[in-house]
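Chemist: Structure incoming, see below.
The values are calculated or read from the model by the stated rules, or taken from the named source; none is laboratory data. Fair warning: this is a prediction, and the values are worked out from it, not measured in the lab. Neighbour counts run over all protein chains shown; Cβ positions are idealised from the backbone, glycine included.
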Amino acid sequence: MTIHCNSVHPGKFNSIKIFFSVGLACVGALFVGLCGSAQSQTQEAIIEGQVCSADRSPLAGAIVELKKGNKTTVTEAITDGAGHFVLKAGKGESYQLRARKEGYEPRVISVGPLGEETKQIDFFLSPGRAKGGTGFEFTDPPEFTVAGVTDWSNVGLHGSDSNVKTSEVLAKETAKLKANDAGDGAGAAGAGAAHRLAGDEKEKSGDPVRAEREYAEAVKLEPSEENYFVWGRELLLHRAGKAAVEVLSKGAKFYPASERMKEALGAAYYADGQYLEAAQQVCLASDLKPRDPEPYLILGRMEQAANEILPCSEEKLKRFATEQPRDQQANFFYGLVIWKKARKTQNEVELVSATEYLKRAASMEPAPGEIYVQLGMVYNAQGKKEAALAEFCKAVVASPDLSTAHYQLSLAYRRGGQIAKADQEMKKYERLKRLEEAELEKERKGMRQFVTVFKQAAPN
């Protein structure tokens, strides 16, 4: 019998082939599984945050739901003792995030498309309807009624003409503020959305009284951050400062993380002549997002109109200038505050410091004329008449239509004995001032001012 050492029995050969094929299949399946697992991990996005009450106390046991498309719940989480939650979602997808807890009004926020970074979303829930109720009960109605509109007048206005102009600027600037992403439910489609949109249409069509009523109804049905802000904004734009304070104060109480609510409340206090309270609210807004320039710019405008330094503004504007040294307005407004302080104390060190900040602001081109004017005034206080004259000349070149620049230049020429040039600049100032007043008068004639009636306090 011949034995072939390399021969293999056919049955055994088939078994080896089957075993080898199965082995490859298993390895392949394992590889695909690992790849699929790794791929699914890279496609995940994380949403985490905290659910708190309106006073910032954490809410344990709140339910946070992640909804998509047809509003079906994708996943949900229950907050821990610190009110914290974590959810996994699909990268590149958009969702509705809903937080709810018995005894509180639910809040809904749109999130996405989600990126690779962890998304931080915080909710602040306000006390809600009683169990079994059909809707939010507006148990705290406003203490005022908008009875109609009238043409603009200065009756009931507070402070100097400079304060009034600043108030009008602040009202316009705060009206443009966008919602932040702090779990405030801004823009979410809810029961009040239809009334808010109807209010927008009434305002556009020139019927601000009915617009205000629509905004009030929106808050009654759905007291969201967006609805409170829009109602307060409407009152502020139509010079109902006291009423705006009432509405925005409630909004700020329910939404303590809303930066724009505090900024708008500051503008409302300013319109009502409560300048210290106005500054305090804007300072609080700056603490929410210290890198956001908007609150500092509002605070700076208030400082420009104020004779004395407003409380907390020096500290906050110093932070603005320190943390953002390349920002022109940061250097300008902090330099202005130091100058106001130095002018009162006659402290030479502070005068030098104010000069340095204003010079830094002026070096960042293009510099507006108001920066050169302020720097010229500091030089003038130091007795540096030639340096002051040079800055006022720069001011009229940078901003030819700035009346104060021509006024200061006229005074500087007069101090230097250049009477003809002083008279020429004074004439330019007077012409520009007339144009400014005419433009302001035209703008005010187009403004409809609310007539508000406040409830009488009940007798004790």
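Chemist: Would you check if Val349 is at pLDDT 95 or above and more than 13 Å from the chain's Cα centre (by Cα)?
Modeler: So Val349 does not fit the description; no.
Chemist: If you go through the stretch 391-420 one residue at a time, how many are assigned to a helix (DSSP H, G or I), among the aliphatic types (A, V, I, L, M) and surrounded by 16 or more Cβ atoms within 10 Å (Cβ to Cβ)?
Modeler: Adding up the residues that qualify gives 7.
Chemist: I'd like the full set of residues that are within 16 Å of Met377 (Cβ to Cβ) and under 20 Å from the mean Cα position of the chain (by Cα), limited to the stretch 318-345.
Modeler: Of everything in the stretch 318-345, just one residue is within 16 Å of Met377 (Cβ to Cβ) and under 20 Å from the mean Cα position of the chain (by Cα), namely Phe333.
Chemist: With touching a residue at least 12 places away in the same chain (Cβ under 8 Å) and of a type in the set (D, E, K, R) as the only criterion, which of Glu348, Glu365, Glu370 stands out? Explain how you work it out, then say what you get.
Modeler: Numbers: Glu348 fails: touching a residue at least 12 places away in the same chain (Cβ under 8 Å); Glu365 fails: touching a residue at least 12 places away in the same chain (Cβ under 8 Å).
Only one candidate qualifies: Glu370.
Chemist: Return the pairs, sorted by first residue and then second, in which the second residue is of a type in the set (Phe, Trp, Tyr), the first residue lies in the stretch 416-441 and is outside the structural domain of Ser167 (by TED's automatic domain parsing), the beta carbons are less than 6 Å apart, and the residues are 6+ apart or on different chains.
Modeler: Every condition considered, the pairs that remain are Lys421/Tyr413; Ala422/Tyr413; Tyr429/Tyr407.
Chemist: While we're here: What are the residues in the stretch 270-295 that are touching a Phe, Trp or Tyr at 6+ places or on another chain (Cβ under 9 Å), closer than 22 Å to Ala321 by Cβ and surrounded by fewer than 22 Cβ atoms within 10 Å (Cβ to Cβ), if any?
Modeler: Gln280, Pro290, Pro293, listed by residue number.
Chemist: So for the stretch 246-261 (the condition being in contact with a helix residue (DSSP H, G or I) (Cβ under 8 Å, 6 or more places away or on another chain), surrounded by fewer than 20 Cβ atoms within 10 Å (Cβ to Cβ) and free of Cβ contacts under 8 Å to residues at least 40 places away in the same chain), does at least one residue qualify?
Modeler: yes
Chemist: Can you go through Gly81, Gly90, Gly103 and tell me which one is surrounded by fewer than 17 Cβ atoms within 10 Å (Cβ to Cβ) and more than 23 Å from Ser224 (Cα to Cα)?
Modeler: The unique qualifying residue is Gly81.
Chemist: Let me ask something additional. Do we have any residue at all in the stretch 362-384 that's of a type in the set (Gly, Ala, Ser), surrounded by fewer than 17 Cβ atoms within 10 Å (Cβ to Cβ) and over 27 Å from Leu297 (Cα atoms)?
Modeler: The answer is yes, given that some residue of the stretch 362-384 is of a type in the set (Gly, Ala, Ser), surrounded by fewer than 17 Cβ atoms within 10 Å (Cβ to Cβ) and over 27 Å from Leu297 (Cα atoms).
Chemist: OK, next. Mind listing whichever residues of the stretch 103-128 are over 25 Å from the mean Cα position of the chain (by Cα) and within 20 Å of Lys253 (Cα to Cα)? Talk me through it step by step, then tell me what you get.
Modeler: Of the stretch 103-128, the ones over 25 Å from the mean Cα position of the chain (by Cα) are 103-104, 116, 128.
If the condition is that a residue be over 25 Å from the mean Cα position of the chain (by Cα) and within 20 Å of Lys253 (Cα to Cα), then Gly103, Tyr104, Gly128 are the ones that fit.
Chemist: Taking Ala342, is it modelled with pLDDT of 95 or more, in the same structural domain as Ser410 (by TED's automatic domain parsing) and touching a helix residue (DSSP H, G or I) at 6+ places or on another chain (Cβ under 8 Å)? It would help to see each step written out before you state the result.
Modeler: On the way: modelled with pLDDT of 95 or more: no; in the same structural domain as Ser410 (by TED's automatic domain parsing): yes; touching a helix residue (DSSP H, G or I) at 6+ places or on another chain (Cβ under 8 Å): yes.
No.
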